[in-house]
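Structure record follows, encoded as structure tokens.
The values are calculated or read from the model by the stated rules, or taken from the named source; none is laboratory data. Since we're looking at a predicted model, the values are computed, not measured. Using ideal geometry, Cβ is built from the backbone for each residue, glycine included, and neighbour counts are taken over all protein chains shown. The protein model used for the area step is the full one, side chains on, heavy atoms only, and it has no ligands, DNA or RNA in it. Shrake-Rupley method; radii C 1.70, N 1.55, O 1.52, S 1.80 Å.
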Amino acid sequence: MHAIAIDDEPQALEVIRLLSEKVPFLSLKASFTDAMEALVYLQNNNVDLIFLDIRMPDISGLDWARGLTNPPLIIFTTAFSEYAAESYELQAVDYLVKPIAFNRFLKAVNRAAQLKQQEKATFTFLKSGHQYVRIDFDQLQYVQGATNYVDFFTTTDKITVRMKLSEAVELVPDSFVQVHRSYLVNLQHVKRVEHNHVIIGDVKIAIGKSWRDEFMERLNEGV
């Protein structure tokens with residue numbers, strides 16, 4: 001799971017980093033003392049989980065979370081226990097009171113992982129022209145976006161849908177990663193990587209410079 005942490009206290013962020021390093025399936029991608037900077041990060045990166053402090057100078061973590069349109073899973077971290085009920089109204093995964101013990105941290109993260117697993121759909125129906133077409137994600141090899149249209153390439157077909165690539169990013173499961181401003185690829189179908197291209201079947205897709213590091217990191221992590 002890819003996570004970020006938000007807390008106005010750098011020492012608290014360091015604690016989250018050290019705890020996260022002990023969990024093999026958890027990768028803390030970034031930490032923020034400024035919640036507004038975290039919003040910018042979320043607009044450009046896929047995040048599964050947020051560790052979020054509640055009492056911050058400019059905005060409370062509760063109000064910040066309420067402002068998210070499609071929020072990732074959230075674990076609140078705070079030194080104050082009186083916000084627990086309010087946090088669960090926001091469907092938080094868990095509520096951790098500082099100082100955070102590792103066994104309590106692990107329990108919360110395991111719960112998040114279980115919820116994330118339950119979220120994963122295996123297929124979807126998309127409107128293509130005048131019909132709705134089923135797309136099985138395990139058969140979907142890559143996605144190519146143009147201005148207002150996206151082509152979904154499966155092992156047997158190409159389905160054209162009126163949407164933006166940014167919408168397709170939200171639709172597909174975690175096995176997909178962006179490699180170019182116009183392409184998402186399914187890591188399960190990557191045959192090989194050579195030079196600055198990813199090979200899927202007989203198709204060669206260029207890897208953009210802005211996406212190369214994250215793609216290689218995901219490739220090394222496995223799906």
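Odds and ends about this structure:
- Of the residues making up the stretch 166-212, those that are under 16 Å from the mean Cα position of the chain (by Cα) and of a type in the set (Asp, Glu) are GLU167, GLU170, ASP174.
- Among residues of the stretch 68-97 that are farther than 13 Å from ILE54 by Cα, none has a Cβ under 8 angstrom from a residue that is among the polar types (S, T, N, Q) and surrounded by fewer than 13 Cβ atoms within 10 Å (Cβ to Cβ) at a sequence gap of 6+ or on a separate chain.
- Checking each residue in the stretch 24-53 for being farther than 27 Å from ALA168 by Cα and modelled with pLDDT under 95 picks out only PRO24.
- When residues in the stretch 182-221 are screened for being in contact (Cβ under 8 Å) with a residue 24 or more places away in the chain and not in a helix (DSSP H, G or I), 14 of them pass.
- Scope the stretch 79-97; condition over 20 Å from VAL47 (Cα atoms), at pLDDT below 90 and either touching a helix residue (DSSP H, G or I) at 6+ places or on another chain (Cβ under 8 Å) or small (Gly, Ala, Ser) (or both); matching residues: ALA79, SER81, TYR83, ALA84, ALA85, GLU86
- The stretch 107-151 - residue that is among the acidic types (Asp, Glu) and open to solvent by 60 Å² or more (accessible area, probe 1.4 Å) and, of those, nearest to THR77 (Cα to Cα): GLU119
- In summary, strands (runs of 3 or more DSSP E) completely within the stretch 1-106 and bearing 1 or more residues that are open to solvent by 60 Å² or more (accessible area, probe 1.4 Å) occur at 27-32, 94-97.
- Taking every residue in the stretch 161-181 that is in a helix (DSSP H, G or I) and pairing it with any residue that is open to solvent by less than 60 Å² (accessible area, probe 1.4 Å) and of a type outside the set (S, T, N, Q), at least 6 positions away or on another chain, the pairs with Cβ-Cβ distances below 6 Å are LEU165/GLY145; LEU165/VAL150; ALA168/VAL143; ALA168/VAL150.
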